[in-house]
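Readers should treat all values here as calculations from the given coordinates under stated rules, not as data from a laboratory. Here the structure is a predicted model, which means the values were calculated and not measured. FYI the Cβ positions are ideal-geometry reconstructions off the backbone, even for glycines, and counts take in every protein chain you see.
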Amino acid sequence: MELCCMDQLKSQPIWLLLLLGLGSVSVFKCSLAILRWVYINFFRPAKNLKKYGSWALVTGPTDGIGKGFAFQLARKGLNLVLVGRNPDKLTEVSESIRAKYGQTQIKTVVVDFSGDLSEGIKRIHEAIEGLDVGVLINNVGVSYPYARFFHEVDEKLLADLIKINVEGTTKVTQAVLPGMLERKKGAIVNIGSGAAIVIPSDPLYAVYAATKAYIDQFSRCLYVEYKKSGIDVQCQVPLYVATKMASIKRSSFFVPVDRWLCSGCNGLDRPMIPVVHLTGPILFFGACCSWCLSLLLMLGVCGSALQFGRRDNSRTPENKNRQQFLSLPLCASFFV
């Protein structure tokens, strides 16, 4: 059988052999990518976040995703610097964490990201001075209170979206990064949004989606700039999450709770991680089905093309087997 296949290959024109090679390489690369995705998301051991440092700074920790991160980081043994606007809520969250994880040291910093940001950043500098802050969670952000056209966005909301989502994340990163560079280790997790990355557009939330697109590109650039300095930078891009900002009160099959997102920290060696709960695997499965259907279609087309392109007697059993043997790699070459 092997000799028969080799004889068939030797009798084919060079262009067909090139297509065969390209198709084989493409299938191999696709298989490796799928195996790597499965390993990273389901089998790779969780990271020891304490290797980055003994302290973590979390912005927007009083609700939703930020609160979930604060509890998860405390569970992993990190001390916390909680940065938020409401001192009462900061105290409440701090007491809840201490009640559950008694060994956790907690500092709170009151910063109104929509107000005097320079004064707030100064307070953050003072709070983290002398601390081994190895993990930064840039979670603070705002969205629209409800969907609206761009021309209906008032000046206050427009200013808050840009100042909190863009300037706030940028300046907090600028405040924490020098200490990480000095220690040659650190991890920065920026919370983006599927509104900017996963879906092609997000009408009626234009400015919010644009600010999250900035977060994604900012994270990608920092990842490249500081990868060799021992600093991992990641942008998490969740879709719907059961949080106050998203106005979703209950989790469901497609909408995770905020605590689930902290698992994305296991992939800190990647610049971007889509956190889409069960929607992700479902979309991936749908893409695989679509790919398989396209493959079957191309098999039929290529098989027919080979059959009609033959000048010799294509109805002999030998040539029929040869066409079936060649149709699959020829088809695969279309996916390079």
Given the Cα-Cα distance of residue 89 and residue 44 and 0.36 nm per residue of separation, how much length would full extension add, in nm? 12.6 nm
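Can you tell me the length gained on complete extension of the stretch residue 201 to residue 229, counting 0.36 nm per residue apart and subtracting the Cα distance?
Going from the current span to full extension adds 6.6 nm.
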With the crude spin-label approximation of a point 7 Å out along Cα→Cβ, what separation in nm comes out for residue 162 versus residue 118? 1.8
Taking square-rooted eigenvalues a ≥ b ≥ c of the alpha carbon gyration tensor, is segment 143-231 rounded, prolate or oblate, where a/c under 1.5 means rounded and, failing that, a/b exceeding b/c means prolate? prolate
Per-pair calculated FRET efficiency, R0 = 22 Å: residue 103 and residue 51 via Cβ, rounded to 0.05: 0.75
In the neighborhood of residue 94, defined by Cβ-to-Cβ distances under 12 Å, what is the net charge if each Lys or Arg adds +1 and each Asp or Glu adds -1? +2
Averaging over all projection directions, find the projected area of the Cα convex hull of segment 24-165 and quote it in nm² with one decimal place. 13.1
Counted neighbours (other Cβ, 10 Å), sorted fewest up, put 218, 69, 43 in the order 43, 218, 69
Over 30 Å between C-alpha atoms is what I'm after, so list which of 89/156; 100/185; 29/171; 89/184 land there. 29/171; 89/184
Relative to the present Cα-Cα distance, how much length would full extension add between residue 30 and residue 18 at 0.36 nm per residue of separation? 2.5 nm
